[in-house]
Amino acid sequence: MKAFKYILFLLLIAIIGMAIYIAVQPNEFNFSRSRVIKAPASLVFNQVNDFKNWPRFSPWIEQEPNAKLTYGEKTSGINGYYSWNGEILGEGKMTTSAIEIDKSIAQRIQFIKPFESESDIDWAFEQTDEGTKVTWGMKGKQDFMTKMYTTFAGSVEENTSPDFDRGLFKLDSIVTVDMKKYSVNVNGITQHGGGFYIYNTTSCKISDLANKMQDMLPKVGAYAMNNNIKMAGAPYVYYHKWDEENNAAMFSCCVPTTEKIISSDPEILTGQLKPFKALKTTLNGHYENLKEAWETAMKYIPENGLEIAENAPMLETYLTDPMKTPNPAGWVTEIYIAIK
């Protein structure tokens, strides 16, 4: 009997000791995970800001893809929300409480089943030289039951941070894939209207062309803006010579104008394109796919009984401003090849 009482006494001491240990655990938890994604901050921000995108990168929805998802009337911005219900995921809701465009998102996550709790979710998007540093954090309070659970099952960070790492990895993957989407379409024969333009020009190695163009085209555009010159359309590159065998190219960076301009800058010249018949080809996507677009157009010409006009224009027109459209998949470039 005494032994039994002694065992009960020890057990009681152990229970009290455990209760004290649990009670003195931190009343709050706070952790975050980060990943650098090679994409503009605005592009990553837009993916996270709209809950309709979450099934693509959520590590939890990945565990139960057939869970029922319900979206609010708003799914992005302040008061945007979605909720879930599933056997594995349980039941809950997430709501956006604050945003700073392209910089941060604050959200509130509410768990209903299998237990009730609430936590804060924070996102930060920092532009760096390597890309966008995305930080995904979570913080909240720990009541006694939560402390008891984490005492035996591990901390909230230990249990949840691997999911955050997985989610950031998936977010990186889908953003990268989205940026690489492109299409090439041969539109057919059209009539290019020609017109006046201002330009600068140079010859260089084909391998140096991209760097030269990035330096030259902004100068022509800046001249037009600084002198209040009315533009007649999108800027373009006029290819005069393309010799892959000798790695040589001659080209002009042009801005179309509504009238003939007399330039005050010796590096900015004035030209005029006569209207011409052309094969038009459109690239939707990153400029790195222009080589394929040109090859597609050049292949189309002989296959369809057409012939390139001798010493006639070959133009590459940029309809999209990359500064205003951060996703390269949304860039539109038109190619015009003069034909007989």
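Looking across Pro322, Pro302, one residue alone is out of contact with any Phe, Trp or Tyr (no Cβ under 6 Å at 6 or more places or on another chain), under 22 Å from Ile189 (Cα atoms) and free of Cβ contacts under 8 Å to residues at least 24 places away in the same chain. It is Pro302. Of the strands (runs of 3 or more DSSP E) that lie entirely inside the stretch 37-109, not one contains 3 or more residues that are buried (at least 19 other Cβ atoms within 10 Å of the Cβ) and not assigned by TED's automatic domain parsing to the domain that holds Val175. Within the stretch 101-139, the set of residues being in contact with a helix residue (DSSP H, G or I) (Cβ under 8 Å, 6 or more places away or on another chain) and of a type in the set (D, E, K, R) comprises Asp102, Lys103, Glu126. The residues of the stretch 181-211 that are exposed (fewer than 12 other Cβ atoms within 10 Å of the Cβ) and touching a Pro at 6+ places or on another chain (Cβ under 8 Å) amount to a single one, Gln191.
In this structure, does Thr128 turn out to be surrounded by fewer than 13 Cβ atoms within 10 Å (Cβ to Cβ), over 30 Å from Tyr336 (Cα atoms) and at pLDDT 90 or above? Working first, answer last.
Numbers: surrounded by fewer than 13 Cβ atoms within 10 Å (Cβ to Cβ): yes; over 30 Å from Tyr336 (Cα atoms): yes; at pLDDT 90 or above: yes.
Yes: the conditions hold for Thr128.
Across the stretch 280-303, the qualifying residues are those that are assigned to a strand (DSSP E or B) and not aliphatic (A, V, I, L, M), and the one among them that is farthest from Tyr182 (Cα to Cα) is Lys280.
Against the definition (of a type in the set (Lys, Arg), surrounded by 13 or more Cβ atoms within 10 Å (Cβ to Cβ) and in a helix (DSSP H, G or I)), how does Lys277 come out, yes or no? No; evaluated as a whole, the condition is false for this residue. Of all the criteria given as (1) over 28 Å from the mean Cα position of the chain (by Cα); (2) outside any strand (DSSP E or B); (3) farther than 22 Å from Lys212 by Cα, the one not satisfied by Pro266 is (3). Just so you know, in the stretch 299-340 the residues that are farther than 18 Å from Leu283 by Cβ and hydrophobic (A, V, I, L, M, F, W, C) include one that is surrounded by the fewest Cβ atoms within 10 Å (Cβ to Cβ), and it is Met323. Scanning the stretch 238-258 for residues that are farther than 14 Å from Lys212 by Cβ and in a loop (DSSP other than H, G, I, E, B) yields a total of 4. Candidates in the stretch 14-36 are the residues that are part of a strand (DSSP E or B) and of a type in the set (Gly, Ala, Ser); of these, the one that is modelled with the lowest pLDDT is Ser32.
Looking only at the stretch 29-46, count every residue that is of a type in the set (Ser, Thr, Tyr) and closer than 16 Å to Lys170 by Cβ and tell me the total. Steps first, answer last, please.
First pass over the stretch 29-46, keeping only residues of a type in the set (Ser, Thr, Tyr): 32, 34, 42.
Filter again for closer than 16 Å to Lys170 by Cβ, leaving 34.
Looking only at that region, the number is 1.
Taking first residues from the stretch 183-199 that are under 15 Å from Glu295 (Cα atoms) and partners that are among the β-branched types (Val, Ile, Thr) and surrounded by fewer than 19 Cβ atoms within 10 Å (Cβ to Cβ), the Cβ contacts under 7 Å between residues at least 6 apart in sequence or on separate chains come to Val184/Thr296; Asn185/Thr282; Val186/Thr296; Asn187/Thr282.
The values are calculated or read from the model by the stated rules, or taken from the named source; none is laboratory data. Predicted, not measured: the structure shown is a model, and the values here were computed from it. Backbone-built Cβ (ideal geometry, glycine too); neighbour counts: all protein chains shown.
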